Amino acid sequence: MTVTAQIKLVPSAEQFSLLMATLEAMNLGCNKISSLAYHEQFFDRKTIHHLSYYTVRRAFGLKAQMAVRCIGKVVDAYKVRARRSKGNIDSMRIFRLRGAVPYDCRMLGFDLKNDQLSILTLEGREIMPFQVGGPARAIMQYQKGESDLFYRNGVFYLNVCCQLPEEDLITHQDMIGIDLGICQLATTSEGRSFDGAGVEKVHKKNQKQRAGLQKKGTRAAKRKLKKVSGREKRFKRNENHIISKQIVSEAKRTGSGIAMEDLSGIRERQRVSKRQRARFSGWAFSQLRFFIYYKARLAGVPVFFVPPEYTSQRCHQCGHIEKKNRRSQSEFKCCQCAHRDHADKNAAKNIKLLGCRQSAKGRIAGFMRQ
């Protein structure tokens, strides 16, 4: 399975300048390639290569493999645009001067023992140290494929593509249904809940701080805004890692599969009150769902995605579906059989039931990002 390890580069002042010059030259090269491709209306890799390879090498001083990777970046960008617009490419793709650029194994080499790497620049190979966290270090030994060099807040990073070996799927005897929400980030069919109050508290605190600093507008306030940017995102990411790890560990321990709702396009379908808009827009359910999925795949736990329709309105006991069954955010009472339960737990049980049906049909689902 493909996962990404992020490492921080620690170049000298001279190496920093070389990396910046390389980053900017490759993006200028991408814009030149994009311009040639758009005006000639050729978007396949072979034709673009013949059109632009020598041109961008001479114009921007790119090494051979740098030019190849720039061509690949442009081709991939137009493929995405063509897919989204159903084949109609009506505007030229423009790349940011300091946007991320791809590096492959011919341009990178890692010395994990000494925490050093060899990276290709406009002036040739440079050896420089890097920093990496414990979990990322563990998967770096499986490095394979392209990496992305990017610049953020004065620091260069590499997103390193790693191909992790997957365990064989366990023969599951049971299923754990997972209901994702805002007040309760996740509720399992076994009754375990992961409260979102802590995440919401941090969100409100950061929102208030940002509003105050933006209103102030001084240089010091802008420096502070830059310093705290991404703090909430990192906090939510950490919380989602913790929750997903616990859910997958429980499924592995009990020999169960995992069933979740297919929530593709929920932001377009779901309507929320004005008071809830900020909370809903900040809901990182897609990330949590993906974390559960990829951790389960690595652990050999099968995952099933089920239709989300009526899981919160259907009574788990008698199957009666009615909007009035859900009295409030947390209260569920069936209008037919008077069964009472926590609304999220009832939904998780319905998801479990749908997952069991999919399992019986042998439909182990793949994952699609939002």
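The values are calculated or read from the model by the stated rules, or taken from the named source; none is laboratory data. Fair warning: this is a prediction, and the values are worked out from it, not measured in the lab. Positions of Cβ are generated from backbone atoms using ideal geometry, with glycine treated the same way; all protein chains shown enter the neighbour counts.
Per the conditions (1) modelled with pLDDT of 85 or more; (2) in contact with a Ser or Thr (Cβ under 7 Å, 6 or more places away or on another chain); (3) under 27 Å from residue 356 (Cβ atoms), the sole criterion not satisfied by residue 184 is (1).
Residue 341 fulfils the conditions (1) without any contact (Cβ under 8 Å) to a residue 24 or more places away in the chain; (2) of a type in the set (D, E, K, R); (3) within 17 Å of residue 179 (Cβ to Cβ) except for a single criterion, (1). Considering region 353-370, the residues that are at pLDDT below 55 and in contact with a strand residue (DSSP E or B) (Cβ under 7 Å, 6 or more places away or on another chain) include one that is nearest to residue 173 (Cα to Cα), namely 364.
Inside region 136-169, residues that are part of a helix (DSSP H, G or I) and either without any contact (Cβ under 8 Å) to a residue 24 or more places away in the chain or touching a Gly at 6+ places or on another chain (Cβ under 7 Å) (or both) make up a count of 1. Could you tell me whether any residue of region 255-272 is surrounded by 11 or more Cβ atoms within 10 Å (Cβ to Cβ), in the same structural domain as residue 350 (by TED's automatic domain parsing), at pLDDT below 85 and in a helix (DSSP H, G or I)? Yes, because at least one residue in region 255-272 is surrounded by 11 or more Cβ atoms within 10 Å (Cβ to Cβ), in the same structural domain as residue 350 (by TED's automatic domain parsing), at pLDDT below 85 and in a helix (DSSP H, G or I). Among the residues here, residue 280 qualifies as part of a helix (DSSP H, G or I), surrounded by 13 or more Cβ atoms within 10 Å (Cβ to Cβ) and at pLDDT below 80. Apart from one condition, residue 23 fits all of (1) loosely packed, with under 15 Cβ neighbours inside 10 Å; (2) closer than 20 Å to residue 126 by Cα; (3) touching a Lys or Arg at 6+ places or on another chain (Cβ under 9 Å); the exception is (1). Kindly indicate whether any position in region 77-86 is in contact (Cβ under 8 Å) with a residue 60 or more places away in the chain and of a type in the set (A, V, I, L, M). No; the residues of region 77-86 include none that is in contact (Cβ under 8 Å) with a residue 60 or more places away in the chain and of a type in the set (A, V, I, L, M).
Among the numbered conditions (1) among the hydrophobic types (A, V, I, L, M, F, W, C); (2) modelled with pLDDT of 90 or more; (3) over 21 Å from the mean Cα position of the chain (by Cα); (4) under 30 Å from residue 211 (Cβ atoms), the only one that residue 243 does not meet is (3). Could you list, in sequence order, the residues of region 84-123 that are surrounded by fewer than 12 Cβ atoms within 10 Å (Cβ to Cβ) and closer than 25 Å to residue 162 by Cα? The answer is 113, 114. Could you list, in sequence order, the residues of region 46-70 that are in contact (Cβ under 8 Å) with a residue 60 or more places away in the chain and surrounded by fewer than 18 Cβ atoms within 10 Å (Cβ to Cβ)? Of everything in region 46-70, just one residue is in contact (Cβ under 8 Å) with a residue 60 or more places away in the chain and surrounded by fewer than 18 Cβ atoms within 10 Å (Cβ to Cβ), namely 61.
In a residue-by-residue description of region 89-109, the property of being among the hydroxyl-bearing types (Ser, Thr, Tyr) and touching a residue at least 60 places away in the same chain (Cβ under 8 Å) applies to no position.
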